[in-house]
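Accompanying notes for the structure given below.
The values are calculated or read from the model by the stated rules, or taken from the named source; none is laboratory data. Please read all numbers here as calculations on a predicted model, not as lab measurements. Backbone-built Cβ (ideal geometry, glycine too); neighbour counts: all protein chains shown. Areas reflect the complete protein model, heavy atoms only, side chains present, ligands, DNA and RNA absent. Shrake-Rupley method; radii C 1.70, N 1.55, O 1.52, S 1.80 Å.
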Amino acid sequence: LATSEYVAWHLELVDPFIGDLALEEVHDETLRPYKESRLKKDGVSLTTVNRSFEVVRRVLNLCARKWRHPNGMSWLETVPLIEMERNHLARKPYPLSWEEQTLLFGELRSDPNGQMALFKANTGLRKQEVCNLRWDWEAEVPEIGATVFVIPAIFSEDGRSGVKNREDRLVVLNDVARSVIDARRGKHPDYVFTYRGNRLDCTCTITR
C-alpha cells in the first residue's frame, strides 16, 4: 500500500492544476493539463503520470464511498471515470543474454559507470536507489557472515525520492554485487558511488 508520503507527493504534483477545483470538477478534462505538462515539460513517462492519476482516483473513491460530512452525507455523489492511457508502443522488458550483458558492460568501462551497471544488474535496484546508496545503510548480518543494505523508504531531504513502494528495502548482495561494494570501499565517506569524488547527480543517467 502507498504510504502517506507517497500520496502527499503525488497530490502536491497535481495541486497546481486541480487544487482550486471542487471535487465534482475533477475528471479527465481537468486533469489533461497536468498530463500534458508532465509528459512534455518534465519528460516523464505515461506510467509516472498514471501513478498520479491512481492517487487522485483513490481519493475520489474515498470521498464517494467512505469519507462523510458530519451530517452523514458523502463528500462526492459519484466517482468520474479517470482513464489512464497505456503506452502500447513501449518495448516489453526482457532478460539480457550473456552476450548482450558482456557487450553492455564493455561499453561502460569508465569508473564508476561499469561498477554501477554491474551492481544494478545484480541487485535490481532503481537508478535513484543506486545513485543515493550510502555506506550508513549497510548493516552486518553475523548469521551469514556478510552485510546487506537497508534502503530507507524515503531518502531525500525533500521527501520526494525513495523506494518505489515507499517501504524500506532490504538488499541482499550476491557475490558479484558484493565484489563491487568491496571495490568501492574507501572512495567516499558517505556515498558508495561517486563521480570524480563527488556525489552523483541522480537527475542524470548513470553513464555520463
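Leaving out ligands and nucleic acids, and using a 1.4 Å probe, what accessible area per residue does the chain come to in Å²?
Details: 13560 Å² over 208 residues.
Spelled out: the 1.4 Å probe surface of the chain, per residue, equals 65 Å².
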Worksheet item: Given [x] 48; [y] 58; [z] 44, which label gives percent of Cα pairs over 23 Å apart as computed from the coordinates?
Response: [y]
Discussion item. Tell me which chymotrypsin sites (Phe, Trp or Tyr not before Pro) from region 12-90 have a DSSP coil assignment and no more than 14 other beta carbons within 10 Å of their own.
Written reply: W67
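Tally up the carbon and sulfur contribution to the accessible surface of the chain as a whole percent, 1.4 Å probe, everything protein left in place. All intermediate terms of the calculation are to be shown ahead of the outcome.
Numbers: 6980 of 13560 Å².
Here carbon and sulfur together make up 51 percent of the probe-accessible area.
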Worksheet item: Is the shape of region 1-44 rounded, prolate or oblate, going by the alpha carbon gyration tensor and its root eigenvalues a ≥ b ≥ c, with a/c under 1.5 for rounded and a/b larger than b/c for prolate?
Response: oblate
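For the pairs K35/K127; K41/K120; K66/K92, note any where the Cα-Cα span goes beyond 30 Å. Let's see the in-between values first.
Numbers: K35/K127 23 Å; K41/K120 28 Å; K66/K92 38 Å.
In this structure, K66/K92 lie more than 30 Å apart at Cα.
Which order do peptides 129-137, 179-187 fall in by mean Cβ count within 10 Å, highest first? Let's see the in-between values first.
Values: 129-137: 18.8, 179-187: 14.4.
Highest to lowest by the protection proxy: 129-137, 179-187.
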Worksheet item: Roughly what angle does helix 46-65 make with the longest principal axis of the chain, taking Cα atoms, 0 to 90 degrees, to the nearest 10?
Response: 40 degrees
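Sorted by average packing, counted as other Cβ atoms within 10 angstrom per residue and highest first, what order do 35-45, 113-123 take?
Descending packing order for the listed peptides: 113-123, 35-45.
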